[in-house]
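Chemist: To start, I am sharing the structure in question, which I have written as structure tokens.
No value in this document is a laboratory result; all are computed from the given coordinates. Computed from a predicted structure; not experimentally measured. So basically every Cβ, Gly included, is an ideal-geometry build from the backbone, and we count neighbours across all protein chains shown.
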Amino acid sequence: MKRTRATKEESNLEKENKDYLLFKGCLIPSSLPYMEVAARRALEILEIKITETDNFSCCPDPIGIKAISELTWLSMGARNLCIAQEIGKDILTLCNGCYETLKETSHALSEDSELLEKVNKILLPLNRKYEGNTIVKHIAEVLYLDIGTNQITNMIKKPLYGLKVAAFYGCHLVRPSDVMNFDDPEEPKSLDELIVALGADSLPRMRKMFCCGAPLLGVNMDLSLNIAKENLDNIKTSGVDCIVTLCPFCQTQFDRNQKVVERRFNKEYNLPVFYYPELLCLALGVDPYQLGFDLHIVKVDQVLNKIK
Amino acid sequence: MVDAGHHPKINVLTYSELEEVRGFVGNFKVKVKKKPRFVIPEKCNGCGLCVDVCPIEVPNEFDEGTTTRKAIYVPFAQAVPLVYTIDMDACIECFKCIEACGKLEAIDFSQKEEIIELDIGTIIVATGYDIYDPTPIKQYGYGRYPNVLTALELERLLDESGPTMGKLYRPSDMKAPGKVAFIQCVGSRDDIHEYCSGFCCMYTIKNSLILREKYPDLDISIYYMDIRTPSKGYEEFYRRAREEGIKFIQGKPSEIAQDPNNHNLFIYSEDLAKGKAIRDEVDIVILSTAAEPRPDSRTLGSKLGVTSGPSGFYMESHPKLKPIDTPTEGVFIAGSSQGPKDIPYSVAQGSAASSRASRILSSPEWEIEPLIAFVDADKCRNVRKKCGICETRCPYGAIIAPEGKPAYVIGAKCHGCGTCVADCPEGAITQLHYTDVQIVAQIHAILREKPEEKILVFTCHWCSFGAADTAGNSHLKYPPDNRIIKVMCSGRLDRKFIYEAFRIGAGMVLASGCHPQDCHYITGQHHAERRLKAVPKILERAGISPERFSVKWMSASEGQTFSKVMKESSETLKSIGIERIKEENEKAKPELEKRIKTFREDPDVAKILLADEKVDIEA
Amino acid sequence: MEIEKDLEKLIEEIGGEDFQKKVQVCYQCGTCVGGCPVAWVNENFNPRKIMLALSRGEIDEIINNDLLWFCCYCHTCLERCPQKIPVSEIIVKLKNIAAKVRGIPEGYVNELKMIAKTGRISSISSATERRREQLNLPKLVQTSVEKDIKRILKQTGTNLFLEKEIKK
Amino acid sequence: MKRGTPVKIDKRDKLILEMKTITKEYSLTLDKDLCCGCEICTIICPKEALSLIDAQIENGSLIEKPKIDADPDKCIYCGECVILCPYNAFKLKVNGKETIPSVDLEAFPTLIREIEVDVKKCIPDCKLACQEGCPFEAIEVIYEKEIEVSKKEKKAEGSEKERKLAKSQEKKKKIEKIKKIIDVKIDKEKCTYCSKCVYDCPYNAIKVTKPIEGKISINYELMPKRFKAAADVCPTKAITYDEKKDKLKLEDKWCLFCGACRLVSPENAIILERTRILHEYIESGAWNKALEKLISPEELAKELRIKAENKIRYWILESRVP
């Protein structure tokens, strides 16, 4: 934790005019555009500039594609990193999956020169060459380390006092910890502190770092929903008003599949699910109607009413 | 403890720190820092009135923070001497204790730190161990979940005179628990501490049986990887625990979760016998944490000339033959400062150490290893001009160079590292049993046949030779092309030995010794490192590829490293090739000849050189 | 390029003996199972048993079992292993072998197809575009992505999984 | 983190230091809203566990008041800060109960601070000046009220609209009037004994004993222009800022001599000296030390001399010469 604190101070110094290359990913822009809206608005208000490019492909998926062929996974990841390298900017991702793929690819290729050579050979016909050491940041990392919770507290206009929230980090934000090196893998603090910065309360619960189960959606729906149920049970018993995620996969699993779990196990949860930038936007005073809350499957009205 | 305190011949110095040790076996001069306790022991009768009036409370270290103590305190009820101490980090100097003490006038706020000097014959180090703080193992939630205890905390709670008068409560709500679970190997046998802490299995079984006796209805389970019961009567004890209905579940728990509403704990683990993941709801979890060396063991060790192994515990002279002795004669180790051990083993070792010590104390004279150095007064240049290099080299102050007179060695103080020998510019100092003649003769003997195919390895007695020994003991394989010459310390390594080896055609030379912090002669390795730094450059200038000479530091336990280094060196040797080695050696000969000039001047060494050269010619 | 099916060669490719050695220090404590979300909901999935089989050289046993694909790659096992064995990473490597020897699950085939076609894992439909327009988001455009991705897939031999699928 | 290791919990409105063992729990809470960032606790803390974070001042006005930071490793929960904080911002709890062990064991005195209201002197036409003027909302006046309706003649004629308007105005004209003051309640938790109410009260009904006595003055030459931070920080409103004249106004009658204004002002611009602290009789080295730090050594010497004289008198009277 000490390490995180140190970087927090350091990066606060150099945050002036920070400009990132936005990596939208696949799932957010096509299926969950409301997440993109919130992220864009939040970054705009917090004065973080973003550049965009149309050249990015899928990150690719660290579960499916990596399982099929690690080399393909690395090469496609390296291709995306090449693009960032050409533009000369650090990558900002909105999704834990993209975050892991790009950060781990960058890490692996910087550590292992043989592997880098191998990947560059594959990229040769594409007229691309990866040099290594591209910096990849998750939006939570930018908010927590670059801007800092104090700054966020100072900027919010409508504090979310009294809102009880379950923080759901998602696996790949913090694990594997020696690659991600962002927050503690067992007892992370960043999202909790970010939530507290908005005036809301982040409540403790059992098995906070349990996987959401989304990676198994394409392999075995049954297992995936069972894992989601374990999480929803734990979240529900902790007595929160809503869930806050940092990843479109967790978001899908809890928002879209909540009803499926409810039906299958004959239970009722009724837990609205927010992407953290959505809550941030609300606290920063963005009009809820601009954020596309109607696209949420679990209706968020109860939460919006509570924070009014 | 009380007996020791009353014994006329035992002087107990508590609340004191070792400052400095000088001298040698039988004649140690020891400086001890007595910290001020602000209470005069002779006047204090231990009544405890001062404690009642003290307004400040801090966590009690003896009770592992399960309760508090006052700023004026005795560590524990049986402490010897039973004298109060004021903790100045907590005291606010209200002087209420002075008022309470009244006519006894035992409290003295003007006390200062005091250094006392003692004449000591032998020293036994028995500084014990520390308990690993399991907070970094975040998944077990120690420090976050109130109902997760360490085994030592449980031990205090179960003590009849402890903070809860021997009752076990859930710290979160002070209710009696219905179900408790022990988790074994917390912080040992993993990436935190590689070793097995040894006694945790037994104390867990002991505590589970005490709990069973106190609370017959309590549900007790023990999560373990292996239960280790290697000593006499231990396995029977384990069997008794099973008979008493204590559940043993094989499987290391992956995480402990806490129900935020009622502080109940959930253990998530695999039950290996069933082969599936299980969840267990319990009231209290007790972590059997690892034993670890005390944080200041290395600093204390360096004052005493006792080294620590990779795990941080003190190293014995020889793991099998000299388990109590240390490299410094007259200093012995006992108990858990040497490694984790249980009570009978500690008592046995303590008794052994005291009898080893009394051997020295009871004899009027003590024979030391004859490995000492002496100065040839005729050669010493200190007579002609101020030199005194040898004096600066000796870490023990055993060699003295008075102005205008030849230097001399105090035999009993000399530990025999040979650093002064190697650094004497005139070659005036000789070390018995490791004379230049003897070492050069070894070099010549080893390199008599096919020298270019051989790797000459210089090792120090304690570490790198130990590493070679360990490699052999552990049946590690490495190529047979190396030849070892042992010296007491790498500090003895004269550069001329290396030049001589190359001059007569060695394929490779490897100098080795201990890691900097482990040197058994305190600074010997440091001087060797400094001296050997220049060698590769000189060799390169002479025409010898620098990779043919290398320096490696390793500790006695690093058998793996030794075999790895030998394998690598062997490969380097092969990759260079005999032809090139021969060529290089031929080219370098004149330059090397110059560098060993002083050897030729020494008649005894010259004899060996000449004899060998004659053999060459005859051949 | 063709899908390699020789097991020994495949193991050699991912590091051979060293790869297997990584798990030989495993002392079968079960930490990986206790924290595994999949083992929690499915009794048969057991990463410890996978490590056991691997350390004994019984790799074909692992890859012939469909359970391997159930690993959800959450890295909990990797974080908590007391011997620092990268369990999840090892399972990925085993999955790579299994993919070549026995093929991949249907869900992943669809994903791969989508990637080969569009370079993304989710399609951009006109409905998506409409929704983005409503939310004032810029249009989704892609340039030169598909061609690049196809090349990468061909170079790394991953496209063979697709061809095989098409033949079916 | 071993059991009993103290921790710091920094919340939006509270700073908490906690030391939890199984049998005992200590917690020291600083209410950030009540704290004005004066220096008293940092001066007297015997273990230097408390420190000040400087205020933020922009263009002469206060952006953020000075804050107190605490070091959990140094704090020993002696409670000295609790006793001396003029604004009751600190709370010490042992096992959940509010108490100060050092006071119970006579290592620290309690301050003499009193407030008395003579309700008999209260006359209803004061318009509750004490309640309205209290900077800490600690005074609640309980009174009987009477509703007086102004009896303006209603215009009978006029359009309906006008009549409606008149009706609404009529409502507004209902004036609450205080008939009799029954009691004046002082919330001792909130009251800082600043004695502002004494001077607000037109009838001399309130008497206050201030715990700290001293002298304060402003050196206007050193004060920058348009500087109002000193007024912004003052919790008792003893310093006010006059916008028109661009001048700080000082009213030392209800100054608590806490020194918050001195902290935010330029050096030597505010001259402050604490001369006396009213406290119960006590003999304690720790208290003497606190006095020495808080008031001048000369004043301490005076106090010690009085103590010594008392002692001698006692000995003589009881003829118990030591």
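Chemist: How high is the FRET efficiency from B:Lys589 to B:Glu391, r the C-beta distance, R0 25 Å, rounded to 0.05? Don't jump to the answer; show the numbers that get you there.
Modeler: Values: r = 36 Å, r/R0 = 1.45.
In this case the efficiency is close to 0.10.
Chemist: Let me ask something additional. Calculate, in whole percent, how much of the Cα-Cα pair population of segment B:496-558 lies beyond 17 Å. Write down the numbers at each step before the final one.
Modeler: Numbers: 829 of 1953 pairs.
Tail of P(r) above 17 Å: 42 percent of Cα pairs.
Chemist: Then there is this: GluC sites (Glu not before Pro) within segment A:113-189: which are DSSP loop residues with at most 14 other Cβ atoms inside 10 Å?
Modeler: Numbers: sites: A:Glu114, A:Glu117, A:Glu131, A:Glu141, A:Glu186; in loops: A:Glu131, A:Glu186.
Here the GluC sites (Glu not before Pro) that fit, given the DSSP loop and packing criteria, are A:Glu131.
Chemist: Right, another one. Quick one: what are the phi-derived ³J(HN,Hα) couplings along segment B:540-556, Karplus 6.51/-1.76/1.60 with θ = phi - 60°, whole Hz, x for glycine and proline?
Modeler: 5, 5, 6, x, 9, 4, x, 6, 7, 10, 9, 10, 10, 9, 8, 9, 4
Chemist: Could you give the dipole magnitude of segment B:69-203 about its Cα centre, charging the beta-carbon of Lys and Arg +1 and that of Asp and Glu -1, in debye to the nearest 20? It would help to have the intermediate numbers written out before the result.
Modeler: Details: 13 positive and 20 negative charges, 199 e Å.
It works out to roughly 960 debye.
Chemist: Among rounded, prolate and oblate, which fits segment B:421-514 when a ≥ b ≥ c are the square roots of the eigenvalues of its C-alpha gyration tensor, a/c under 1.5 means rounded, and a/b larger than b/c means prolate?
Modeler: Numbers: a/c = 2.32, a/b = 1.27, b/c = 1.82.
Here segment B:421-514 falls in the oblate category.
Chemist: Using only helices, what value at 222 nm comes out for the protein assembly as shown when you add -39,500 (n - 2.57) per DSSP H run of length 4 or more and divide by the total residues, to the nearest 500 deg cm²/dmol? The partial results should precede the final answer.
Modeler: Working: 57 runs with 520 residues, N = 1417.
For the protein assembly as shown, the value works out to -10500 deg cm²/dmol.
Chemist: Next question. What does the net charge come to around B:Phe24 if you take all other residues with beta carbon closer than 11 Å to its beta carbon, with K and R at +1 and D and E at -1?
Modeler: Details: positive: B:Arg22, B:Lys29, B:Lys413; negative: B:Glu329.
For residues surrounding B:Phe24, the net value is +2.
Chemist: Based solely on C-alpha atoms, express the radius of gyration and the Dmax of chain A in angstrom.
Modeler: In order Rg, Dmax, the Cα atoms of chain A give 19.0, 57 Å.
Chemist: Same structure, new question: Which helices, counted as full DSSP H runs in chain D, have an axial Cα extent of no less than 15 Å and a Kyte-Doolittle average of -1.0 or above? Walk me through the intermediate numbers first.
Modeler: Values: long enough: D:160-172 (19 Å, -2.55); D:297-318 (31 Å, -0.77).
Taking the DSSP H segments of chain D (at least 15 Å long, mean hydropathy at least -1.0), we get D:297-318.
Chemist: I want to verify the translational diffusion coefficient of segment B:373-431 in µm²/s; compute it with Stokes-Einstein, Rh as the Kirkwood radius over Cα pairs, at 20 °C and 1.002 mPa s. If you can, show how the numbers build up before the last one.
Modeler: Details: Rh = 10.9 Å.
After rounding, the answer is 197 µm²/s.
Chemist: Taking 22 Å as R0, compute the FRET efficiency from the Cβ-Cβ separation of B:Glu213 and B:Lys179 and round it to 0.05. Intermediate values should be presented prior to the final figure.
Modeler: Numbers: r = 17 Å, r/R0 = 0.77.
Using R0 = 22 Å, I get an efficiency of 0.85.
Chemist: Work out the FRET efficiency for B:Ser302 and C:Leu67 from their Cβ-Cβ distance, taking R0 = 41 Å, and round it to the nearest 0.05. Please report the intermediate quantities before stating the final value.
Modeler: Numbers: r = 55 Å, r/R0 = 1.34.
Once the sixth-power term is evaluated, E becomes 0.15.
Chemist: Now for a separate question. In a solvent-free Debye calculation with one equal scatterer on each Cα, what is log10 I(q)/I(0) for chain C at q = 0.09, 0.15, 0.17 Å⁻¹, listed in the order of the q values?
Modeler: So the normalised log intensities are -0.42, -0.92, -1.05.
Chemist: What list of ³J(HN,Hα) values in whole Hz, one per residue of segment B:265-278 in order, does the Karplus curve 6.51 cos²θ - 1.76 cosθ + 1.60 (θ = phi - 60°) give from phi, with Gly and Pro shown as x?
Modeler: Computed from phi, the couplings for segment B:265-278 are 10, 10, 9, 9, 7, 9, 8, 4, 5, 8, x, 9, 6, 10 Hz.
Chemist: Please report, to two decimal places, log10 I(q)/I(0) for segment B:220-289 at q = 0.13, 0.15, 0.25, 0.29 Å⁻¹ as given by the Debye formula with identical point scatterers on the Cα atoms and no solvent.
Modeler: -0.44, -0.57, -1.18, -1.33
Chemist: Note down the net charge around B:Ala71, summing +1 for each Lys or Arg and -1 for each Asp or Glu among other residues with Cβ under 9 Å from its Cβ.
Modeler: Working: positive: B:Arg69, B:Lys70; negative: B:Glu57, B:Asp87, B:Asp89.
So the environment of B:Ala71 carries a net charge of -1.
Chemist: Another question, if that's okay. Over segment B:130-292, what number does the Rg to Rh ratio reach, with both radii from the alpha-carbon atoms and Rh per Kirkwood? Write out the running numbers ahead of the final one.
Modeler: Numbers: Rg = 14.8 Å, Rh = 15.9 Å.
Ratio value, two decimals: 0.93.
Chemist: Order by neighbour count: D:Leu317, C:Leu162, A:Leu94, fewest other Cβ atoms within 10 Å first, most last. Numbers along the way, then the final one.
Modeler: On the way: D:Leu317 8, C:Leu162 16, A:Leu94 28.
By the 10 Å Cβ count, ascending, the order reads D:Leu317, C:Leu162, A:Leu94.
Chemist: Please name which of A:Ser238, B:Leu300, D:Gln131 has its Cα lying farthest along the dipole of the protein assembly as shown towards the positive end, using unit charges on Cβ (Lys, Arg +1; Asp, Glu -1) and the Cα centre as origin.
Modeler: Of the candidates, D:Gln131 comes out farthest on the positive side.
Chemist: Okay, moving on. Which angle between 0 and 90 degrees, to the nearest 10, do you get for helix B:578-595 versus the longest principal axis of chain B when only C-alpha atoms count?
Modeler: Orientation of helix B:578-595: about 80 degrees from the principal axis.
Chemist: What lysines sit close enough to B:Lys587 to cross-link, taking a C-alpha to C-alpha distance under 26 Å and skipping anything fewer than 8 places away on the same chain?
Modeler: B:Lys450, B:Lys454, B:Lys496, B:Lys533, B:Lys537, B:Lys574, B:Lys597, B:Lys607, B:Lys614
Chemist: Is there a quick way to get the dipole size of chain D? I mean about its Cα centre, with the Cβ of Lys and Arg at +1 and of Asp and Glu at -1; what is the value in debye to the nearest 20?
Modeler: Values: 63 positive and 56 negative charges, 247 e Å.
Rounded to the nearest 20 debye, it is 1180 debye.
Chemist: Given contacts defined as C-alpha pairs under 8 Å and at least six residues apart, what's the relative contact order of segment B:503-608, whole-number percent? Working shown, then result.
Modeler: Working: 75 pairs, mean separation 38.2, N = 106.
Dividing the mean separation by the residue count of segment B:503-608 yields 36 percent.
Chemist: Right, something else. State which entries of A:Lys189/C:Lys117; A:Lys103/C:Lys84; A:Lys164/D:Lys93; A:Lys129/B:Lys564; D:Lys65/D:Lys91 exceed 29 angstrom in Cα-Cα distance in the structure shown.
Modeler: Violating the 29 Å limit, Cα to Cα: A:Lys189/C:Lys117; A:Lys129/B:Lys564.
Chemist: If you don't mind, another one. Helix B:559-576 versus the longest principal axis of chain B: what is the Cα-based angle in degrees, 0 to 90, to the nearest 10?
Modeler: Taking Cα atoms only, the helix is inclined about 30 degrees.
Chemist: So, one more: In segment A:51-88, whose amide N lies under 13 Å from the spot 7 Å out along Cα-to-Cβ of A:Ile135? List them in ranges.
Modeler: The answer is A:88.
Chemist: Taking 0.36 nm per residue of separation and subtracting the Cα-Cα distance, what length does fully extending D:Glu64 through D:Glu144 add? Present the calculation step by step, with values, prior to reporting the outcome.
Modeler: On the way: separation 80, 0.36 × 80 = 28.80 nm, distance 4.15 nm.
Fully extending the segment from D:Glu64 to D:Glu144 adds 24.6 nm.
Chemist: I'd like the mean, over residues of C:109-116, of how many other protein chain beta carbons sit within 10 Å of each residue's own Cβ.
Modeler: Per residue, the number of nearby Cβ atoms from other chains is 4 on average.
Chemist: Quick one: helix B:234-243 against the long Cα principal axis of chain B, what's the angle to the nearest 10°, folded into 0 to 90?
Modeler: On a 0 to 90 degree scale, this one is about 30.
Chemist: From the mean inverse distance of alpha carbon pairs (Kirkwood) and the Cα radius of gyration, derive Rg over Rh for chain B. Don't skip to the answer; put the middle values down first.
Modeler: Details: Rg = 30.8 Å, Rh = 28.9 Å.
Radius of gyration over Kirkwood radius for chain B works out to 1.07.
Chemist: What does the charge count around B:Cys514 come to, taking other residues whose C-beta lies under 11 Å from its C-beta (Lys +1, Arg +1, Asp -1, Glu -1)? Each step should come with its number before you reach the end.
Modeler: Working: positive: B:Lys552; negative: B:Asp518, B:Glu529, B:Glu558.
Here the charged neighbours net out to -2.
Chemist: Here's something else I'd like to know. For the protein assembly as shown, just the Cα atoms, rotate onto the principal axes and tell me the three extents in Å, largest first.
Modeler: 151, 112, 76
Chemist: Ignoring solvent entirely, what values of log10 I(q)/I(0) come out of the Debye formula for segment A:216-280 at 0.17, 0.19 Å⁻¹ when each Cα is a single scatterer?
Modeler: For the requested q values the scattering log ratios are -0.56, -0.69.
Chemist: Let me know the Rg and Dmax you get for segment B:196-255 when you use only its Cα atoms, in Å.
Modeler: 11.5, 34
Chemist: To the nearest 20 debye, what charge dipole does the protein assembly as shown have about its Cα centre, counting +1 at the Cβ of each Lys and Arg and -1 at the Cβ of each Asp and Glu?
Modeler: Numbers: 208 positive and 209 negative charges, 585 e Å.
Using Cβ point charges on Lys, Arg, Asp and Glu, the protein assembly as shown gives about 2820 debye.
Chemist: Per residue of B:133-141, what is the mean number of Cβ atoms on other protein chains within 10 angstrom of that residue's Cβ? Mind dumping the intermediate values first?
Modeler: On the way: counts 4, 2, 3, 3, 3, 9, 10, 1, 2.
Mean number of neighbouring Cβ atoms from other chains: 4.
Chemist: Can you compute the equivalent ellipsoid semi-axes for chain D, i.e. the square root of 5 times each eigenvalue of the Cα gyration tensor, sorted largest first and rounded to whole Å?
Modeler: Details: eigenvalues 389, 133, 113 Å².
Three semi-axes, in Å: 44, 26, 24.
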